[in-house]
Every structure is written in C-alpha cells, then in structure tokens.
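> Got a structure for you, written out below as structure tokens; questions coming shortly.
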Amino acid sequence: MHIDAAELEIFKSLFHSAAEEMGAALRRSAFSPNIKERRDYSCAVFDGKGRVVAMGDHMPVHLGSMPMSVAAAIRSLDLGRGDIAMLNDPYAGGTHLPDITLVMPVFASNGRAKKVGACSSPLFYVANRAHHSDVGGAQPASMGLSEEIFQEGLRIPPVALARGGKIQQDILAVVLANVRTPREREGDLTAQVASCRLGERRLIELVKKYGLRKTEFYLETLQGYSSRLMREALARIPEGVYFAEDFLDDDGYSQKPVRFRVTIGIHQGRAMVDFAGSSPSQRGSVNAVLAITYSAVFYVFRCLLGEDVPACAGLMEAIDLRAPEGSVVNARPPSAVAAGNVETSQRIVDVLLKALAQALPGRIPAASSGTMNNISFGGFYPDQGPRAGEPFAYYETIAGGMGARPMADGLSGIHTHMTNSLNTPIEALESAYPVRLRSYSIRRGSGGKGRFRGGDGIVREIEFLTEVRGSILSDRRRLPPYGLAGGKPGKSGKNQLVLPAGSRRVLTLPSKTVFSAPQGSILRIETPGGGGWGKQRKNKKARRGQ
C-alpha cells in the first residue's frame, strides 16, 4: 500500500485523539482531587505487538515507562475481549506503587469485534496510569521514606480486574481492604475502567471507518516514520562522546549525595546512553527501576524533535540504553522506589541534558528545579461535619522554577520535565480536606542569574486543621540546580514545619522525611528556582535590571 502523507497525519492525529479523549473521561469521572484537579494520570494507545503508537499530552514519567507495564500484562495474562489487566508492581514495568496501570486489549475486524479464540489477537491495546492518593503501607498517601518496597503499600502484579466486561469483585475487594480511603480508590479505579472502554470504542469506530487493512498499514508506518525522524535528529548532533554527572542531595537516611553519571555516544545516527558509574541502589526510596530510566531517556531525546513527531516506540530504535543492574538507575527487589519515580527521574533528566549541552550548547536549557517537591499527609476528619472520624489521605507535587533557555528566561512556578501535572486549586484542597492555605506565592529572586534568568520557585504554606502524619520527598535542598554557559545556579529549596501559635518553634525538615504535626501546625515549602543561562551582562540597561 502506498504511503499518503495526508493520511499518515490523519492516522497520527486519530490515535492521539483517542488517548486524549481517554484522559478527559478519566479526569471528569475520577473522585480524587489528585486526578481530577492535578491531572496526575496518563493514557496511551498501543498496537497489537504492545508498541506504543500514541500518547496523550499527559505525564512523561508515566508515558515513557508504560510500555513495560503493557508488556508485563501481555506476558502474564491471556487477555480476551472485555478483559482489563491491573498492575502497579515497579518490578513489572511500573513506576512506584501509587501509580496503578490498567491495560485493555482491543479486538477489531472491519469495525466488528473479533470473537476471542485461539487464532485471534488484539489489533490494539489501550492503557492508562493514575496516581492513587493511598495504596496502603506505613505512611498515609503511600509516599513516605522507606527502606524496602514492602513498607510502601500494596504491590499488585498483573491481575485481571475485569473479565468479559465484568469487574472481578474479589480482586477489587483485596485492593480496597488494603487502603485507607477505599471509597475514593474504588471511584478512581472505575474511572480508569471507563477510560479504557471509551478508548476501545473510539478505536473500533476508527477501524469501521477506514478499514482493517489501512489501519494496520498506518500503525506500522508510524513506527518506521518516528524511527527515521529520530535517526535524522541524531545525525545532526556532532559525533562524539559526552560525559556528565549530577547528584541527589541524599537518600533520606544518610547525608551522602547520590551520584548519577552518564556517557552519551553519538555515531552515525545512533546514540549510546550508558549510566555506568552511577551510585548503587540506596537504602532509602530514591531507587529507580529500569522503566523510569527508560522513560527519562525517551523524554529527553523526544524533546530534541518537534512537537508534531508521533510519540511511537520507533523513537527508541536508534538509542541503546545501558543501566547497570543493581544501581540507583536499575534497582532490583526489594529496594524501595517511591521517590525513584518522582525525584530520581528528574535527576536523570538533569544529567542527560547536562551531557547533551556539550554537543548542542545553543539548544539545551539550564537545570530546572529538579524536584517534584512531593508532600503527602493523612489522618482523620475532625469530629464535626459530615465526614467526622473518616480517614483521609492527600498527595501533591509543588511547582518550581524552569531553567533559563539559550534565548529566553525560564518560567516561574511551573512543573517541568518528568511531571506535567497542575497544582491543586486552593478551593478544591480546602473543600476536600481539613486544611487551610495560608500562603501561595512566587518565591521572588530564587531563579539563577545570567544573560537569561532562571524561573522562580513557589512558596506554599498549608495549615493543618487536625492532627496529621505527613511525608516529604524532595531534593535540591543542598545542591542547587545548575546554570549553563556561565549562568548562576538557582536557589536551593527549603522545608519547614511551623508549630502552633504559642510554641513559636520552627523546625527545618530534611529533604526526605516523615513527620507528625499537631492541629494548627503550618507546613511551609519553598521550592528551588531554575538555573540561569549565559554570563550576566554588566550593562546597567541590560534586560530586567540584571
């Protein structure tokens, strides 16, 4: 069949539209503010071989790693029409335990669903991943400092959540019995189920309109097209070997920085990315599984291409990833991984960009805040009100400063790189939980100086109206985001707990910690600014008074 450029673009957009509509349905029907307001979810479409063919404009840390979850579901389960697999196991393609992934096969033949039999196979798979605000474990919201994965919550290998279109109530009961907020978890899981079923309908409609033969042809063509575009982009990078290293502040248990070392080799339209020399797996939960490292590499190299490039598996065909097993970038069980998904993924991006800046100095930005500034807390609603005595658990990430770019300042108060979530609006947060927002503002002057300034971070103060237990997983509290081309680093972040009026005590909290806070306490988070780019001009009339 002849490749028609217009039809290729149409199919690329149709597959992407299906993933986007899945996300919209998930957001609208979810129960938790974390999914409904912060949009901590991702959706994607895969071909019958389990290769990603389209991603929604959602979270890079989810999307780049999701193919490994789809592969694990396909290997572990015989999925028929109407079946839906569920998993969150980081050692089976997952990220960390709060991220629950659903995978559903789509059987279609000329617009009619195939009968499941020995000779039939799916034409597509649809998948979504959503961060659940609690999946059990030692700490509310399942994002605490821990030493092994068993402390972090319920670990779900690939299992069938639905068979033949019917939810498996025994499997669902096991999940709900192990979480602090079962009603919210059930609501979010059923929203994920609805999202998958919508994706199935849209793809069957697509086949009905364009035919099975043409659909299969362009599924394969898009893979080759994306592969060719990546090879062309790599061929434009000067050949050579580029090296960089960067560090996390610590693992939460010791003060020793955690090293990330990468060597990137560019040769004849191919890239070799080798993390040899990175620190071994850590005692704390900063360990990243291979899916996370793969996801970060996918994200960085995709950023070298234009936005119109299809986000297909073909993009990685020309990239050879090497991550030493047992290291912080390829942890093995039972290493704890809660922060690996959120903090280590950001540092992997930072070190990759630092290396590529040597090859492409006019294209690579300075370091952004380099942390998702994760806070979580939980407890019981006060004795007054409709939810008196019920448990609650909450999780959010807080934005920081974007690194300055070679031709522009960084943006302030924005989620960057591996996170693409939003803030939780004050009204939604105060309505759903016993808290009050005391301050929410830009942290002026926290961006690094330079010819172009780094973006500023955020100041966010949350007052607890009841006693809570909480957790913080953050970074760049000691080692600031780097500047490039002579630009200055951004300011490091800060975590503080202000105890109730009368005590006048302000506790400085570590970058990674768990804490207990009495009613009336205020948690104050100051997030890092981005690094500056270029040497600062001495001319007093230079931009913005620099």
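> Treating only the Cα positions of the range 180-328 as identical point scatterers, give the base-10 log of I(q)/I(0) from the Debye formula at each q in 0.08, 0.19 Å⁻¹.
Each listed q maps to, in turn, -0.38, -1.10.
> With the Cα gyration tensor of the chain in hand, convert its eigenvalues to equivalent ellipsoid semi-axes via √(5λ) and list them largest first in whole Å. Could the numbers behind the result be given before it?
Working: eigenvalues 256, 198, 81 Å².
Three semi-axes, in Å: 36, 31, 20.
> Could you compute the FRET efficiency for SER431 and ARG505, with r as their C-beta to C-beta distance and R0 at 22 Å, rounded to 0.05?
Values: r = 30 Å, r/R0 = 1.36.
After rounding to 0.05, the efficiency reads 0.15.
> In debye, nearest 20: dipole of the range 55-170 around its Cα centre with unit charges on the Cβ of K, R (+) and D, E (-)? Kindly include the intermediate steps, with their values, before the conclusion.
Details: 9 positive and 10 negative charges, 170 e Å.
I would put it at about 820 debye.
> Taking 0.36 nm per residue of sequence separation and subtracting the Cα-Cα distance, how much length would be gained by fully extending the chain between GLN358 and ASP308, in nm to one decimal? Don't skip to the end; give the middle numbers.
Details: separation 50, 0.36 × 50 = 18.00 nm, distance 2.58 nm.
In short, 15.4 nm is gained.
> For LYS535, give me every one of the lysines with a C-alpha distance below 30 angstrom, ignoring sequence neighbours fewer than eight places off in its own chain.
Of all the lysines, those that pass the test against LYS535 - Cα under 30 Å, at least 8 places apart if same chain - are LYS354, LYS449, LYS488, LYS491, LYS494.
> For SER254, put the label point 7 Å out on the Cα→Cβ axis and report which residues of the range 140-180 keep their amide N under 19 Å from it.
Those under the cut-off are 145-149.
> Here is a follow-up. Sorted by packing (mean other beta-carbon atoms within 10 Å per residue), highest first, where do 362-373, 265-276 land? Mind dumping the intermediate values first?
On the way: 362-373: 28.0, 265-276: 16.6.
For the peptides 362-373, 265-276, the packing ranking is 362-373, 265-276.
> So, one more: Of GLY378, GLY487, VAL135, which is farthest towards the positive pole of the chain's charge dipole, taken about the Cα centre with +1 and -1 on the beta-carbons of Lys, Arg and Asp, Glu respectively?
Value computed over the given set: GLY487.
> For the chain, what is the mean residue ellipticity at 222 nm derived from helices alone (per DSSP H run of n ≥ 4: -39500 (n - 2.57); sum divided by total residues; nearest 500 deg cm²/dmol)? Walk me through the intermediate numbers first.
Numbers: 10 runs with 141 residues, N = 546.
So the calculated ellipticity at 222 nm is -8500 deg cm²/dmol.
> Turning to a different aspect of this structure: Please state the charge dipole magnitude for the chain, taken about the Cα centre, from unit charges on C-beta atoms (+1 on K and R, -1 on D and E), reported in debye and rounded to the nearest 20. It would help to have the intermediate numbers written out before the result.
Numbers: 69 positive and 52 negative charges, 358 e Å.
The dipole magnitude comes to about 1720 debye.
> Give, to the nearest whole percent, the P(r) tail of the range 58-101 beyond 14 angstrom, counting all Cα pairs. Before the final figure, lay out the partial values.
Numbers: 422 of 946 pairs.
The share of Cα pairs beyond 14 Å in the range 58-101 comes to 45 percent.
> Sticking with this one: Set the Förster radius R0 to 35 Å, insert the Cβ-Cβ distance between GLN496 and LEU212 as r into 1/(1 + (r/R0)^6), and round the FRET efficiency to 0.05. Walk me through the intermediate numbers first.
Values: r = 60 Å, r/R0 = 1.71.
E(calc), rounded to 0.05, equals 0.05.
> Out of the total accessible area of the chain (probe 1.4 Å, heavy atoms of protein only), what percent is carbon and sulfur?
Numbers: 10570 of 20880 Å².
Here carbon and sulfur together make up 51 percent of the probe-accessible area.
> Ok, one more. Contour minus end-to-end for GLU467 and GLU220, with contour as 0.36 nm per residue of separation and end-to-end as the Cα-Cα distance?
On the way: separation 247, 0.36 × 247 = 88.92 nm, distance 5.54 nm.
Length gained between GLU467 and GLU220: 83.4 nm.
> Given R₀ = 30 Å, FRET efficiency for ARG444-SER17 by Cβ-Cβ distance, to 0.05?
Working: r = 41 Å, r/R0 = 1.35.
Calculated transfer efficiency: 0.15.
> Here's another thing I want to ask about it. In percent, what relative contact order does the chain have, based on Cα pairs under 8 Å that are 6 or more apart in sequence?
14 percent
> Can you give the extra length, in nm with one decimal, that the chain gains between LYS535 and ARG201 once fully stretched, where that is 0.36 nm per residue apart less the Cα-Cα distance?
Values: separation 334, 0.36 × 334 = 120.24 nm, distance 5.44 nm.
Length difference between fully extended and current span is 114.8 nm.
> Quick one: ranking TYR381, TYR41, TYR253 by accessible area, 1.4 Å probe, largest first, what do you get?
On the way: TYR381 30, TYR41 5, TYR253 80 Å².
Reading off the accessible areas and sorting them downward yields TYR253, TYR381, TYR41.
> Taking all protein chains together and a probe of 1.4 Å, list GLU396, GLU245, GLU220 from the most accessible to the least accessible. Can you show the working numbers first?
On the way: GLU396 0, GLU245 50, GLU220 90 Å².
The ordering from most to least exposed comes out as GLU220, GLU245, GLU396.
The values are calculated or read from the model by the stated rules, or taken from the named source; none is laboratory data. Small disclaimer: the values here were computed from a predicted structure and weren't measured. Reconstructed Cβ throughout: ideal geometry from the backbone, glycine too, with neighbour counts over all protein chains shown. Side chains included, ligands, DNA and RNA excluded: accessible areas come from the protein's heavy atoms. Shrake-Rupley method; radii C 1.70, N 1.55, O 1.52, S 1.80 Å.
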